[in-house]
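A.B. asks: I'd like to ask you about the structure that follows.
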Amino acid sequence: MGTILKDIEISGNSLMKNRQSCVRLMPSKEGVIRFFVEDSHTPITLDVDNVLSTNHCVVLGQKKNSIMLTEHFTAACAILGIDSLDVHVTKQEMPILDGSSKKWIEVFKNAGVERPRKEQYTVSEPIYYLNGKTHMVIIPDNELNITYAVNYNHPNLSNRWVSLDKKNIEEIAEARTFGFLKDLKKYQLFGYARGVTYENTVGLDGDGYTTQLRSEYEPVKHKILDLIGDLYLSGINPLNLKAQIIVKEAGHAVHVKMSKLLKYLKK
């Protein structure tokens with residue numbers, strides 16, 4: 001089991017509702033990651049079967065006991081091999097912090113990380129999802145390779161492919177969430193994206209961006225980060241998979257569908 005060595009807290013605004021949310025992370029030997037929301041004594045276990053919604057972000061739990069925006073947090077857990085943790089949250093949404101997994105990784109490292117023995121997995125047969133322009137395939141292989149494609153109405157992100165390799169994992173971890181600036185007011189009218197700032201979100205604005213990128217093609221790298229966090233819901237660390245993962249124009253809903261398949265087809 002991978003856990004932290006001591007309790008640690010962090011606070012910040014949430015991305016969707018723009019409310020101050022405080023998170024207390026506590027070591028655990030239970031072998032699962034559990035969320036305790038707003039002093040609820042009923043934990044929400046990190047499990048793909050507990051996904052309530054994938055509308056704009058991943059929501060775990062039930063209507064009266066849920067936690068939003070878990071994907072950046074779970075990606076950080078995957079990167080550091082943390083799979084046993086109690087997470088106490090004062091609101092029903094994780095804080096957005098800097099919009100990536102970078103700050104979560106820093107928090108974990110400040111608490112100290114007890115890393116488990118690396119356990120590799122493969123799949124017994126290819127897993128795939130095909131629906132129009134959206135494709136996702138997981139193919140058994142000797143090592144991990146993740147390639148993600150997007151095709152946005154933006155000159156730098158049209159038919160753009162980016163791959164995860166051992167050299168750019170830090171660039172993946174620090175890649176911030178993103179969206180089209182023209183859509184922001186619409187989402188806010190519907191109650192989403194109210195905590196967006198220039199610091200936590202890369203805005204796609206015409207031919208450019210609203211902030212300086214941390215690395216080339218940062219928005220596509222964020223898609224890989226989301227994928228890592230979403231596949232971690234399967235109970236398998238996707239960074240320990242021996243597989244080729246190829247994704248084209250997908251999102252949380254497709255990631256979660258594949259996570260469910262992965263959970264039941266691993267070997």
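A.B. asks: Report, ordered by the first and then the second residue, all pairs with beta carbons closer than 7 Å, sequence separation of six or more or different chains, a first member in the range 9-20 that is under 17 Å from HIS72 (Cα atoms), and a second member that is charged (D, E, K, R) and open to solvent by less than 30 Å² (accessible area, probe 1.4 Å).
C.D. replies: Listed pairs, sorted by first residue: SER14/GLU93; MET16/GLU93; LYS17/GLU93.
A.B. asks: Residues in the range 98-116: is at least one under 20 Å from ALA75 (Cα atoms), in a strand (DSSP E or B) and open to solvent by 60 Å² or more (accessible area, probe 1.4 Å)? Let's see the steps before the verdict.
C.D. replies: Within the range 98-116, the first condition is being under 20 Å from ALA75 (Cα atoms), and the residues that meet it are 98-116.
Those still in the list that are in a strand (DSSP E or B) too: 113-114.
Among the residues that remain, those that are also open to solvent by 60 Å² or more (accessible area, probe 1.4 Å) are: 114.
Looking through the range 98-116, at least one residue is under 20 Å from ALA75 (Cα atoms), in a strand (DSSP E or B) and open to solvent by 60 Å² or more (accessible area, probe 1.4 Å).
A.B. asks: Among the residues of the range 204-214, write down those that are in contact with a His (Cβ under 8 Å, 6 or more places away or on another chain) and either surrounded by fewer than 20 Cβ atoms within 10 Å (Cβ to Cβ) or β-branched (Val, Ile, Thr) (or both). First the steps, then the outcome.
C.D. replies: Here is the first cut: in the range 204-214, the residues in contact with a His (Cβ under 8 Å, 6 or more places away or on another chain) are 204, 207.
Passing the criteria: only ASP207.
A.B. asks: Further question: Given the conditions (1) under 19 Å from HIS252 (Cβ atoms); (2) open to solvent by 10 Å² or more (accessible area, probe 1.4 Å), and given that ILE67 satisfies all but one, which numbered condition is not satisfied?
C.D. replies: Against the list (1) under 19 Å from HIS252 (Cβ atoms); (2) open to solvent by 10 Å² or more (accessible area, probe 1.4 Å), ILE67 comes up short only on (2).
A.B. asks: How many residues, within the range 34-51, are touching a Phe, Trp or Tyr at 6+ places or on another chain (Cβ under 9 Å), without any contact (Cβ under 8 Å) to a residue 60 or more places away in the chain and open to solvent by less than 30 Å² (accessible area, probe 1.4 Å)?
C.D. replies: 1
A.B. asks: From the list LEU239, LEU233, LEU265, which one is open to solvent by less than 10 Å² (accessible area, probe 1.4 Å) and closer than 21 Å to SER124 by Cα? Reasoning before the result, please.
C.D. replies: Working: LEU239 fails: open to solvent by less than 10 Å² (accessible area, probe 1.4 Å); LEU265 fails: open to solvent by less than 10 Å² (accessible area, probe 1.4 Å).
Checking each option against the conditions leaves just LEU233.
The values are calculated or read from the model by the stated rules, or taken from the named source; none is laboratory data. Fair warning: this is a prediction, and the values are worked out from it, not measured in the lab. All Cβ positions, glycine included, derive from the backbone under ideal geometry; neighbour counts span all protein chains shown. All accessible areas refer to the heavy atoms of the entire protein, side chains included, with ligands and DNA or RNA removed. Shrake-Rupley method; radii C 1.70, N 1.55, O 1.52, S 1.80 Å.
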